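Below is one structure, written out as structure tokens; comments come after it.
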Amino acid sequence: MFWFRSFLRLFLSCLFVLMMSGMAHASLTTIGTAVSVYGDYNMIWQQDEDSGQSYIWFDYTFEKSDITTMLMNVNSLPMMLNFFDGYNVTYYVNNWHLPYSSNEDFNTPNQLHQLIVQNPDYKDYFVNITDETYWTPDQYELNPLYAYDVNTTTELQIEGTFDEIMQMQYNGIVVMEAIVSAVPVPGTFMLLGTGLLSLAGLKRKKHFNKV
């Protein structure tokens, strides 16, 4: 029975490691780098706590510009994405966009505001987000004459008339929706296999000693 109890303990321990290695370690995780015309920058995976949606952020701040110029910069953003081992990622090619709200309602935080509010430590992951106002841009669904953007210093959504905001110059950051899952690394399976083989050898040795 000793070998059986040892086997059970090791099996449960390895199973726990496998389960943990297949889970996200935090709501924010650096999962790779993206090569662009602006340089190589990290990609940050965000698991939204409210919706359960996965987002990938490109940790680069576009310089201040009007919204027309900003959209041109975003739309002409060729990239090569390099994901770290241990992650499966499904996404649409060239799906980077400015952060927005799902229903264009001021009472519903847009993606950038959700990132800041849900993750007070976001600057530990994002080294290139500055304390400025960022383009969203979102219009009110009920009143399209008004729109809002996000200020990372005050962590507030800034509202104003649509015409006023369209005349402003703000920074930009891009995000895209994706399906991300962490997968067990090969070393975990090797650990499990080695432990099982060791226990099998221990059982065999005990059997021979009895003989």
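Any read-out appearing in this document is the output of simple, stated calculations on the displayed coordinates, not a laboratory observation. Being a predicted model, the structure only gives us computed values, none of them experimental. Virtual Cβ from ideal backbone geometry, glycine too; neighbours counted across all protein chains shown.
Sort the following peptides by mean Cβ neighbour count (other Cβ atoms within 10 Å, averaged over residues), highest first: 163-175, 68-80.
163-175, 68-80
Could you please rank Phe126, Phe84, Phe62, placing first whichever residue has the fewest other Cβ atoms within 10 Å of its Cβ?
Going from sparsest to densest Cβ surroundings: Phe84, Phe62, Phe126.
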